[in-house]
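Novice: Mind having a look at this structure? Questions to follow.
The values are calculated or read from the model by the stated rules, or taken from the named source; none is laboratory data. These numbers were taken from a predicted model, which means no experiment stands behind them. Note that each Cβ is placed from the backbone with ideal geometry, even for glycine, and that neighbours are counted across all protein chains shown.
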Amino acid sequence: MKKLLFLFLILSNVAFAQYEDYKIDALLTPRRTPVTITVGGPNSDIQGYTSRAIQIAVDALPPEGGTVKLNKGTFLIKGAVRLKSNMKLIGSGAETILKSGPGFESKLADDADCGEIFLTVEDATGFEVGMNVQVWDAHQKGCWILSTGTITDIVGNRLYIDKGMIADYRVSNDGRVSNGSSAVLIRDAENVFVSNFTIDGNKKITVKADGCNNGGVAVYKSKNITVDNIHVKDFNGEGITWQTTENVTVQNCEIEGCTNMGMHPGTGSPKSRILNNNSHNNAVDGMYICWRAHHSIVRGNQFHNNGRFGICTGHKDSEIIFEDNHIYENGSEGVNLRMEIPRNSPHNNTFVNNIIENNGQKEPAYGIGIYSWPENLIIKNNIIRDTKNGTQKGGIFIQKDAPEITIKDNKMSGHKEGDVIYEKK
């Protein structure tokens, strides 16, 4: 009994000492009030309605992060606003507008070689420090063989940038440089929240931005990102794109009038939550799910009046639940499971409680077109119908030799070719 009492006294003293150390540490460590920096008019911390003003505020945040608050007004975006970890970029509603500035493009005057951090161009007059650039030639263009960077200095016709070229771009192959870029860029960051403003892509006067690298909002090699209540309109490229990411949430956004996809999750991006968005009137797809986007939820969205598909999915895009979406009046199919070989097909996906109707506005098409070999595909409790001109010619098309698909408790009607059509063997 004495030994137990002795042990209890020792442990109590240790615990008390630790508590005292904690109190001393708490007193010695200054408490930091969360930092908020306002940007905009004369009463703001940073005055000016430009991307440069916003970037100054972002760069001024301490390492532990904070909030950049944009006041009402139109901000001229000449280069992508580059966000960093542990921060929020918050607007003041629809009247906070980030509007892309004029596009500019020049031919290369000298080859831009792999690893070089400068570009010699024929005409540098339309470029400015802080602008983003994309570099390509006729043989190497688009997606991951196109180089991007931010201009750090301009000397004569030479643009210095912050990253080396990832390939060789030749004058003889019509090498070019443009200022096509994102409005908001989140790269190599985590714990970022973006909300409550409009991005006007100003597509009539800008140059097209590559979709794998740029978008109205672009997220690259980042995790724990939320894009909430953002209205992207008329962007010359993709509305919201996220590549090589983890735990990205895109919710309550409207994406319209973009010259490419509305939304583009891909290149190995697990755990996306795509919730309650409205993606419409974009030139290509409402949402293009690219390679290896998996273990995700697509719920409560509208995909309509897009130029091609409402949703397109394919290469290893698996373990995705598509639920409670309204997919209608797209140019071709409402949902397209694009051609893939069996091992790369989109496996273990579920479509449940969706309304898929009146698609095929540009060409007769199906509500759901299955052109790959998906295993464990479930299509249940959906409404798949044509109620107008019969352009959605069939409910579900299944290519020959596809694995067995669970089609259960759907309500299908109004299709000229039938509700479930199997390609003839």
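Novice: Suppose we keep only residues that are of a type in the set (F, W, Y) and not in a loop (DSSP other than H, G, I, E, B) within the range 341-391. Which one would you say is farthest from the chain's Cα centre (by Cα)?
Specialist: This residue is Y366.
Novice: While we're looking at this one, here's another question. Taking the range 337-385, which residues are among the polar types (S, T, N, Q), in contact with a strand residue (DSSP E or B) (Cβ under 6 Å, 6 or more places away or on another chain) and in contact (Cβ under 8 Å) with a residue 40 or more places away in the chain?
Specialist: Residues satisfying the conditions are N359, S372.
Novice: Take the conditions modelled with pLDDT of 95 or more, farther than 18 Å from G307 by Cβ and crowded, with 16+ Cβ neighbours inside 10 Å and apply them to I370. Does it pass?
Specialist: yes
Novice: Take K88 and decide whether it is buried (at least 16 other Cβ atoms within 10 Å of the Cβ), under 19 Å from N224 (Cβ atoms) and out of contact with any helix residue (DSSP H, G or I) (no Cβ under 8 Å at 6 or more places or on another chain).
Specialist: Yes, satisfied.
Novice: Kindly check whether there is at least one residue in the range 298-305 that is over 19 Å from P265 (Cβ atoms), part of a loop (DSSP other than H, G, I, E, B), touching a residue at least 12 places away in the same chain (Cβ under 8 Å) and assigned by TED's automatic domain parsing to the domain that holds D228.
Specialist: Taking every residue of the range 298-305 in turn, at least one turns out to be over 19 Å from P265 (Cβ atoms), part of a loop (DSSP other than H, G, I, E, B), touching a residue at least 12 places away in the same chain (Cβ under 8 Å) and assigned by TED's automatic domain parsing to the domain that holds D228.
Novice: Just for the range 240-261: of the residues that are on the phi < 0 side of the Ramachandran plot, part of a loop (DSSP other than H, G, I, E, B) and out of contact with any Asp or Glu (no Cβ under 8 Å at 6 or more places or on another chain), which one is surrounded by the most Cβ atoms within 10 Å (Cβ to Cβ)?
Specialist: Among those residues, the one meeting the criterion is T245.
Novice: Do we find that E323 is under 26 Å from Q392 (Cβ atoms) and surrounded by fewer than 22 Cβ atoms within 10 Å (Cβ to Cβ) in this structure?
Specialist: In short, yes.
Novice: Still on this structure, please answer the following. Please determine whether any residue of the range 299-312 is among the aromatic types (F, W, Y) and closer than 17 Å to T226 by Cβ.
Specialist: Checking the range 299-312: not a single residue is among the aromatic types (F, W, Y) and closer than 17 Å to T226 by Cβ.
Novice: Just a yes or no: is a residue in the range 72-94 farther than 28 Å from N43 by Cα and among the aromatic types (F, W, Y)?
Specialist: Among the residues of the range 72-94, not one is farther than 28 Å from N43 by Cα and among the aromatic types (F, W, Y), which makes the answer no.
Novice: Assess whether G394 counts as being outside any loop (DSSP other than H, G, I, E, B) and among the small types (G, A, S).
Specialist: yes
Novice: If D110 satisfies every condition in (1) closer than 24 Å to N191 by Cβ; (2) in contact with a Ser or Thr (Cβ under 7 Å, 6 or more places away or on another chain) but one, which is the exception?
Specialist: (1)
Novice: Here are some conditions: (1) of a type in the set (A, V, I, L, M); (2) in a loop (DSSP other than H, G, I, E, B); (3) under 30 Å from V68 (Cα atoms). L159 meets all but one. Which one does it not meet?
Specialist: (2)
Novice: Run down S195, S172 and say which single residue is more than 27 Å from the chain's Cα centre (by Cα), at negative phi and either in contact (Cβ under 8 Å) with a residue 24 or more places away in the chain or not assigned by TED's automatic domain parsing to the domain that holds E256 (or both).
Specialist: S172
Novice: If a residue has to be in contact (Cβ under 8 Å) with a residue 24 or more places away in the chain, within 15 Å of G101 (Cβ to Cβ) and part of a helix (DSSP H, G or I) to count, how many in the range 42-72 make the cut?
Specialist: The number of residues fulfilling the criteria is 4.
Novice: When F75 is evaluated against the numbered criteria (1) part of a strand (DSSP E or B); (2) touching a Lys or Arg at 6+ places or on another chain (Cβ under 6 Å), which criterion, by number, is the only one it fails?
Specialist: (2)
Novice: For the range 258-281, name all the residues that are within 10 Å of the chain's Cα centre (by Cα), closer than 20 Å to K223 by Cα and among the small types (G, A, S).
Specialist: G266
Novice: Is it the case that some residue within the range 92-109 is in contact with a Phe, Trp or Tyr (Cβ under 8 Å, 6 or more places away or on another chain) and basic (K, R)?
Specialist: Scanning the range 92-109, I find at least one residue that is in contact with a Phe, Trp or Tyr (Cβ under 8 Å, 6 or more places away or on another chain) and basic (K, R), so the answer is yes.
Novice: Does P346 satisfy the condition of being in the same structural domain as I297 (by TED's automatic domain parsing) and within 22 Å of G307 (Cα to Cα)?
Specialist: No; evaluated as a whole, the condition is false for this residue.
Novice: Now, a different point. Determine which single condition I405 fails, assuming it passes every other condition in (1) free of Cβ contacts under 8 Å to residues at least 12 places away in the same chain; (2) in contact with a Leu (Cβ under 8 Å, 6 or more places away or on another chain).
Specialist: Against the list (1) free of Cβ contacts under 8 Å to residues at least 12 places away in the same chain; (2) in contact with a Leu (Cβ under 8 Å, 6 or more places away or on another chain), I405 comes up short only on (1).
Quick grid of which residues meet (1) under 19 Å from M87 (Cβ atoms); (2) of a type in the set (A, V, I, L, M); (3) in a strand (DSSP E or B); (4) out of contact with any helix residue (DSSP H, G or I) (no Cβ under 7 Å at 6 or more places or on another chain):
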{"site": "S172", "(1), (2), (3), (4)": "no, no, no, yes"}
{"site": "S181", "(1), (2), (3), (4)": "no, no, no, yes"}
{"site": "S195", "(1), (2), (3), (4)": "yes, no, yes, yes"}
{"site": "T198", "(1), (2), (3), (4)": "no, no, yes, yes"}
{"site": "N202", "(1), (2), (3), (4)": "no, no, no, yes"}
{"site": "I205", "(1), (2), (3), (4)": "no, yes, no, yes"}
{"site": "G211", "(1), (2), (3), (4)": "no, no, no, yes"}
{"site": "D228", "(1), (2), (3), (4)": "yes, no, yes, yes"}
{"site": "G237", "(1), (2), (3), (4)": "no, no, no, yes"}
